[in-house]
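Undergrad: This is the structure, below, for whatever I ask next.
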Amino acid sequence: MEPQAVVEANARILQYRAQEAQEIERILVAFTAQVAAIEPQFQYSYKAMLEIDILLAKARLALELKAFKPAVRTDSSFNLIRARHPLIDPQKCVPVDIALGGEYDSLIITGPNTGGKTVTLKTIGLLAAMTQCGLHIPCADGSTMPVFDEIMADIGDEQSIEQSLSTFSAHMTNIVRILKDCDDRSLLLFDELGAGTDPAEGAALAIAIIEHGRKCGALIAATTHYTELKVYATTQPGVMNASCEFDVDSLRPTYHLLIGIPGKSNAFAISKRLGLSEAVIEKAKAQMDSESIRFEDVLTQLEQKRQQLEKEKAEVDRLYAQREEDARKAREFRTQMERAKE
């Protein structure tokens, strides 16, 4: 039941609402026509706001990372000074110095697991990509970086049950694609190159892959545990060894990158720290061939000698700084005495 007066009032309300909707549509059509007439100016302003927003975002990121603008080179070489991984806390990240394309075009990085080898590869790749995006990079002033046509990496395990790919097959699928597309404007990053198969065949494949990439003119950084690759980097011109430092006393990695020195995997020391019995470790050592043992012994001696030289250098630097300070105080004292004499 609805009174006649209410029916008429509701009818008028519906009529007014329809008229209101028509008026709103008319106003919007009129405004749209006015905006369409000056559409180019709106597009220009919108693009300008986007560019300003991107620049401000880059500036905020640079401040947060304490980053610097790298000098962009025209060739394919780069030199990163005190480079840091952009996604690791700056308070915890250990800076590394990395160079490629000058005296050597390939870097073979060795050392223990969890020592920082893969992080070093990712640091190189991410900083190269950041440079190409016009971003400042987390490194010291004076660093240089080129513009690559391709940054190609095989990092991580991409094994797949669906595609019937083992660890080795997954790596090789990526590597085949990388070697097909690389040229003299490419940066190639290989993690655990040649792993996942027979060690002898894996090492031989790794060397052949690096040689092919070098013939194409690409810059290459690769991590490995293979002794054959350490020897290859030692004897082959243009290929350099590098290692992630390992503190034998504390049995912990320091994450410092040492250029020119091959590293030990320290599997026995790490296994011992994790609780593996001495008998098992001695049995494992007995299984190693004499040549590998001699090579590991040489690496151990080199590491001990390097640490000794580092300590001696630190002491020499301390004495030099003390001498400079004493000389400065002597000059100041002499100046004061001359003034007192006058």
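The values are calculated or read from the model by the stated rules, or taken from the named source; none is laboratory data. What you see is a predicted model, and the numbers here were worked out from it, not measured in a lab. Cβ: placed from backbone, ideal geometry, glycine included. Neighbour counts: every protein chain shown. Remember, those area values only see protein heavy atoms, side chains included, never the ligands or the DNA or RNA. Shrake-Rupley method; radii C 1.70, N 1.55, O 1.52, S 1.80 Å.
Undergrad: Which of the residues spanning the stretch 213-239 are within 23 Å of Gly116 (Cβ to Cβ) and of a type in the set (D, E, K, R)?
TA: Residues satisfying the conditions are Glu228, Lys230.
Undergrad: Continuing with the same structure: Filter the stretch 68-102 for residues that are more than 14 Å from the chain's Cα centre (by Cα) and more than 27 Å from Asn241 (Cα to Cα) and give the result.
TA: Within the stretch 68-102, Phe68, Lys69, Gln91 meet the criteria.
Undergrad: Within 28 Å of Lys215 (Cα to Cα) and either among the hydroxyl-bearing types (Ser, Thr, Tyr) or modelled with pLDDT of 95 or more (or both) - does that describe any residue in the stretch 61-74?
TA: Yes, the stretch 61-74 contains at least one residue that is within 28 Å of Lys215 (Cα to Cα) and either among the hydroxyl-bearing types (Ser, Thr, Tyr) or modelled with pLDDT of 95 or more (or both).
Undergrad: Being over 18 Å from the mean Cα position of the chain (by Cα) and assigned to a strand (DSSP E or B), is that true of even one residue in the stretch 197-208?
TA: no
Undergrad: Still on this structure, please answer the following. In contact with a strand residue (DSSP E or B) (Cβ under 6 Å, 6 or more places away or on another chain) and either closer than 22 Å to Glu150 by Cβ or open to solvent by 50 Å² or more (accessible area, probe 1.4 Å) (or both): is that true of Phe190 in this structure?
TA: So Phe190 fits the description; yes.
Undergrad: I've got another one for you. Filter the stretch 1-53 for residues that are under 27 Å from Gly134 (Cα atoms), among the hydrophobic types (A, V, I, L, M, F, W, C) and at pLDDT 90 or above and give the result.
TA: Matches in the stretch 1-53: Ala48, Met49, Leu50, Ile52.
Undergrad: Next question. Among (1) more than 15 Å from the chain's Cα centre (by Cα); (2) part of a helix (DSSP H, G or I), there is one condition Ile124 misses while meeting the rest; what is its number?
TA: Checking Ile124 against (1) more than 15 Å from the chain's Cα centre (by Cα); (2) part of a helix (DSSP H, G or I), the one that fails is (1).
Undergrad: Any idea which of (1) outside any helix (DSSP H, G or I); (2) open to solvent by less than 30 Å² (accessible area, probe 1.4 Å); (3) modelled with pLDDT under 90 is the one His171 doesn't satisfy?
TA: Every listed condition holds for His171 apart from (1).
Undergrad: Another question, if that's okay. Need the failing condition index for Asp157 against (1) under 30 Å from Asp89 (Cβ atoms); (2) at pLDDT 90 or above; (3) surrounded by fewer than 20 Cβ atoms within 10 Å (Cβ to Cβ), just the number.
TA: Just one mismatch for Asp157, condition (2).
Undergrad: Pick from the stretch 194-248 the residues that are over 28 Å from Arg273 (Cβ atoms) and among the basic types (Lys, Arg): which of them is surrounded by the fewest Cβ atoms within 10 Å (Cβ to Cβ)?
TA: Of everything passing the filter in the stretch 194-248, Lys215 is surrounded by the fewest Cβ atoms within 10 Å (Cβ to Cβ).
To keep it simple, each residue is scored yes or no on (1) in contact with a strand residue (DSSP E or B) (Cβ under 8 Å, 6 or more places away or on another chain); (2) within 18 Å of Gly260 (Cα to Cα); (3) without any contact (Cβ under 8 Å) to a residue 24 or more places away in the chain.
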site: Gln43; (1), (2), (3): no, no, yes
site: Lys47; (1), (2), (3): no, no, yes
site: Lys66; (1), (2), (3): no, no, no
site: Phe78; (1), (2), (3): yes, yes, no
site: Gln91; (1), (2), (3): no, no, yes
site: Glu103; (1), (2), (3): yes, yes, no
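Undergrad: Give me the pairs, please: first residue somewhere in the stretch 172-200 and of a type in the set (Lys, Arg), second residue anywhere and open to solvent by 60 Å² or more (accessible area, probe 1.4 Å), beta-carbon distance under 6 Å, and either six or more positions apart or on two chains.
TA: Going by the 6 Å Cβ cut-off, the qualifying pairs are Arg185/Asp149.
Undergrad: Can you give me the ranges of the helices (runs of 4 or more DSSP H) entirely in the stretch 265-342 with at least 1 residues that are over 35 Å from the mean Cα position of the chain (by Cα), at pLDDT 75 or above and closer than 22 Å to Glu245 by Cβ?
TA: Hits in the stretch 265-342: none.
One line per residue, one yes/no per condition, for (1) open to solvent by 80 Å² or more (accessible area, probe 1.4 Å); (2) of a type in the set (Lys, Arg):
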| position | (1), (2) |
| --- | --- |
| Leu55 | yes, no |
| Glu64 | yes, no |
| Lys69 | yes, yes |
| Asn79 | no, no |
| Asp89 | no, no |
| Lys92 | yes, yes |
